[in-house]
């Protein structure tokens, strides 16, 4: 599967989610390539500490993305693309090659507003020919207990008919610590709450893409 992580707003947990998912897939014996297009190279720097078998992370300049993707992607079970935190042409190219775009967002008006911008871009990519592309909004940095802001977010998501994951990522120390230790939540605390969130998220991803694959096969 090919999954892109997109947000035009920083601080939403985009790179954290990408790294945590990549680590879990590699931990489960899959070969995983992460193409880090983010200008901060957060995932690439994390990978220097993680050094996991089956996981390869490459920091990629926007103008070399197409060539790197073409030359390497087919050798891996999964390709994850951490997009730059800005709207630019390479993001559209990556989305067009993806099966799924994950849009991390906090439960706030500014984040949801930016998520709608990304969804518009995805709609454009689909209309241009990437018919199988799907997206899901991922709520991140949630408070453990429901708040007025969380209720607002759910109302806005429903009002705009945004497709979202049932799983959300709560604000937890494990997500911050992984960049200090190199150990993702599923490795540092396999039975911890953060690990269960990442595992649940991956299960949802497989279910989404599994249903999409079935529809494609039937259409064929």
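A few remarks follow.
- Subset of region 135-151 (residues that are assigned to a loop (DSSP other than H, G, I, E, B) and either out of contact with any strand residue (DSSP E or B) (no Cβ under 7 Å at 6 or more places or on another chain) or buried (at least 20 other Cβ atoms within 10 Å of the Cβ) (or both)): 141, 143, 145, 146, 147
- Residue in region 27-44 that is free of Cβ contacts under 8 Å to residues at least 40 places away in the same chain, in contact with a strand residue (DSSP E or B) (Cβ under 9 Å, 6 or more places away or on another chain), surrounded by fewer than 24 Cβ atoms within 10 Å (Cβ to Cβ) and not in a helix (DSSP H, G or I) present: yes
- Of the residues making up region 74-90, not one is under 16 Å from residue 115 (Cβ atoms), modelled with pLDDT of 95 or more and either over 12 Å from the mean Cα position of the chain (by Cα) or part of a helix (DSSP H, G or I) (or both).
- Selection within region 155-169: residues that are surrounded by fewer than 16 Cβ atoms within 10 Å (Cβ to Cβ) and in contact (Cβ under 8 Å) with a residue 12 or more places away in the chain. The member of this set that is nearest to residue 48 (Cα to Cα) is 166.
- A single entry from 67, 47, 20 fulfils the requirement of being in a helix (DSSP H, G or I) and in contact with a strand residue (DSSP E or B) (Cβ under 8 Å, 6 or more places away or on another chain): 47.
The values are calculated or read from the model by the stated rules, or taken from the named source; none is laboratory data. Quantities reported herein were computed from a predicted structural model and do not represent experimental measurements. Methodologically, a virtual Cβ is constructed for each residue, glycine included, from the backbone with ideal geometry; neighbour enumeration extends over all protein chains shown.
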